[in-house]
Amino acid sequence: MNSETRQVFLNEKPAEILIALRREDELYARKLSQRVDATYAHTVRTMEKLVNHGLVTRYQAGRKKEYVLTAEGRRLADSLTEFYRDETVSTGDGIVGSAMGDKIISQ
């Protein structure tokens, strides 16, 4: 993974978005922004980065742009899910554990 890709995942929202997509298979930006508690604009910018990194594919579904994980995106989402699940167990109510565990993993 190059340094630009690593920089994307130093932030929590891209990881939350990938995990949300893994759980739902496909989502559009408005629904993703609601799911991860981010603004629509931030979600769209993040999705463009994920598309550019080959982790997500975007397609037009009527008036909406829907997003689906690529095979590489699914592998990364699976790894992130396990990482955050382990963090939740090891940190209890730590920042990462509570942020990711409550919203995405334990649903």
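Here are some notes:
- Within segment 56-67, residues that are within 14 Å of SER33 (Cβ to Cβ) and modelled with pLDDT under 90 have Cβ atoms under 8 Å from residues that are assigned to a strand (DSSP E or B) and not hydroxyl-bearing (Ser, Thr, Tyr) in these pairs: LYS65/ARG58, counting only partners at least 6 apart in sequence or on another chain.
- Of all residue pairs spaced 6 or more apart or on separate chains, those with beta-carbon atoms under 9 Å, a first member in segment 20-36 that is outside any helix (DSSP H, G or I) and a second member that is hydroxyl-bearing (Ser, Thr, Tyr) are GLU26/TYR59; GLU26/TYR67; LEU27/TYR67; TYR28/TYR67.
- Single condition SER3 does not satisfy, out of (1) more than 23 Å from ARG85 (Cβ to Cβ); (2) at pLDDT below 90; (3) in contact with a Leu (Cβ under 9 Å, 6 or more places away or on another chain): (3)
- Only one entry of THR91, THR81, THR70 meets the criterion of being within 14 Å of the chain's Cα centre (by Cα), among the β-branched types (Val, Ile, Thr) and modelled with pLDDT under 90, and that entry is THR81.
- Subset of segment 37-50 [surrounded by fewer than 15 Cβ atoms within 10 Å (Cβ to Cβ) and not in a helix (DSSP H, G or I)]: ASP37, THR39
The values are calculated or read from the model by the stated rules, or taken from the named source; none is laboratory data. Computed from a predicted model, the values in this text were never measured in an experiment. In this analysis, Cβ positions are derived from the backbone assuming ideal geometry, glycine residues included, and neighbour counts consider all displayed protein chains.
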